[in-house]
Amino acid sequence: MKNIQYWRRKSEQVLRESKNSFRYREHMIKELQQHISFHAYCCTVIDTCTHCSVGAVTEDSLEDIHHKIMELEYSEPDVNKYEYLVQSGQQIGRLSDTIGQLMSKSVRYEEVLQPNGFTDEIRAALMFQGQCYGFLTLFKKETNGDPYFQDAELEQVKLLIPLIGEALKAYHHFIIEERLPVREGEQGIIIFDQHLKPISMNDKALKLLSILRIHEQLSEPYIPKPIQAVYAKLLANKWKAQASLLVPIKETGYIAIRASFMKTNEQKQQIAISLNEASSKEMLSFLMTAYHLTAREKEVVFEVIKGIPTKEIAQNLAISNYTVQDHLKVIFQKVNVSNRNELVWKIFSRFQLD
């Protein structure tokens, strides 16, 4: 087994050589497979606010069952759910550790993993400096009478958590300047049934669906993980009607995904997924985080976008004029602009849709 110095060097090397986070995760998984035994994997980048997948590297055999795992993640009580691993600070969990306790009650194990020949699972929340940037799941089948992940294998994955987390943070904060190669204004819509089967879609949705598939190297008819995540959260009543998921795709642009329930004349339930360019409002929140603005700096930016002068900003935020000016200097440096107009354009106005 390898030590932390080995994995740090390997992560840094792969990060330098990888053009995007997909390649980085793909190469790190291949390297990990040289040192521990697993038969399937999924490594996803997440939206740091909603913890929804915005793109995954997934072993082919999982594609047919991934949507079921995703649905159970948000709907059924179970062991080692990712939200628990993040919030509890546990970060990593091994399914076989629950034998004789909760494993017999694991819906995920009984309904999905066991029927498909999997005997154990490791789940790791890829954390760095208290923030989660992705999830890594490894699946094992019984080989040579060994059905479970060993302690040493679990320790290897533990070493990788902060290293991969740090790398994904760098990708997460990369600012994409490109705009999507589709016509603005038109709304992309896909109608799904309750089994995540597309019923109909318009041309714009078809184009953006194709971009999402290329992003995850998926072929038809597989559904990209961000759509699976939004769909699953909506089914579990954990998705607000006004919420959206922002998917950054390097050298392409930002896709906003929304979901809502629909009913046919026969009262059958369907789900509408909209795929569109990210709006200025959606981009504003994302970019302020990507530019590492503090909570107070974000408040100042919101005031600037409204066109409020320095004196009124100071009054609204109960700070002095000099403090507002100091905040603006730091904000300009972080965003690499020289005045208010450039700031508003760079993080808001240029993303307004027709």
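The values are calculated or read from the model by the stated rules, or taken from the named source; none is laboratory data. Model, not experiment: these values are computed from the prediction. Ideal geometry is used to build each Cβ from the backbone, glycine not excepted, and the neighbour counts take in all protein chains shown.
Points to keep in mind about this one:
- Scanning segment 65-97 for residues that are over 17 Å from Leu113 (Cβ atoms) and β-branched (Val, Ile, Thr) yields Val86, Ile92.
- Tabulated pairs, segment 333-352, first over 22 Å from Leu180 (Cα atoms), second exposed (fewer than 12 other Cβ atoms within 10 Å of the Cβ), C-beta under 8 angstrom, 6+ apart or interchain: Lys334/His292
- Any chance Phe286 is assigned to a helix (DSSP H, G or I), hydrophobic (A, V, I, L, M, F, W, C) and without any contact (Cβ under 8 Å) to a residue 12 or more places away in the chain: no
- Residue under evaluation Ile190, criteria (1) touching a residue at least 40 places away in the same chain (Cβ under 8 Å); (2) under 26 Å from Phe38 (Cα atoms); (3) in contact with a strand residue (DSSP E or B) (Cβ under 7 Å, 6 or more places away or on another chain), criterion not met: (2)
- Residue tally, condition touching a Phe, Trp or Tyr at 6+ places or on another chain (Cβ under 8 Å) and modelled with pLDDT of 80 or more, over segment 262-271: 2
- Whichever residue in segment 15-36 is without any contact (Cβ under 8 Å) to a residue 60 or more places away in the chain and touching a helix residue (DSSP H, G or I) at 6+ places or on another chain (Cβ under 7 Å) and, among such residues, is nearest to Leu218 (Cα to Cα): His27
- Of all residues in segment 318-334 being over 21 Å from His172 (Cβ atoms) and aliphatic (A, V, I, L, M), the one that is surrounded by the fewest Cβ atoms within 10 Å (Cβ to Cβ): Ala318
- Single residue of segment 337-354 satisfying the filter (surrounded by 15 or more Cβ atoms within 10 Å (Cβ to Cβ) and among the aliphatic types (A, V, I, L, M)) that is nearest to Ser285 (Cα to Cα): Ile347
- Count - residues of segment 27-61 that are farther than 24 Å from Asn144 by Cβ and of a type in the set (Ser, Thr, Tyr): 5
- Qualifying residue in segment 303-317 (condition: in contact (Cβ under 8 Å) with a residue 24 or more places away in the chain and either farther than 23 Å from Lys169 by Cα or out of contact with any helix residue (DSSP H, G or I) (no Cβ under 6 Å at 6 or more places or on another chain) (or both)): yes
- Filter pass, Ala167 being over 26 Å from Arg23 (Cβ atoms), part of a helix (DSSP H, G or I) and assigned by TED's automatic domain parsing to the domain that holds Arg25: no
- Glu155 passes every criterion in (1) within 19 Å of Val57 (Cβ to Cβ); (2) surrounded by fewer than 21 Cβ atoms within 10 Å (Cβ to Cβ); (3) at pLDDT 95 or above; (4) of a type outside the set (Phe, Trp, Tyr) apart from (1).
- Members of segment 315-336 found to be part of a loop (DSSP other than H, G, I, E, B) and farther than 21 Å from Leu287 by Cβ, listed by number: Ala318, Ile319, Ser320
- For Asn80, the conditions (1) surrounded by fewer than 21 Cβ atoms within 10 Å (Cβ to Cβ); (2) of a type outside the set (Ser, Thr, Tyr); (3) under 22 Å from Ala229 (Cβ atoms) are fulfilled apart from (1).
- Search result, residues across segment 170-192 that are under 21 Å from the mean Cα position of the chain (by Cα) and over 20 Å from Ala278 (Cβ atoms): Ala170
- Scanning segment 289-311 for residues being part of a helix (DSSP H, G or I) and modelled with pLDDT under 90 gives a total of 2.
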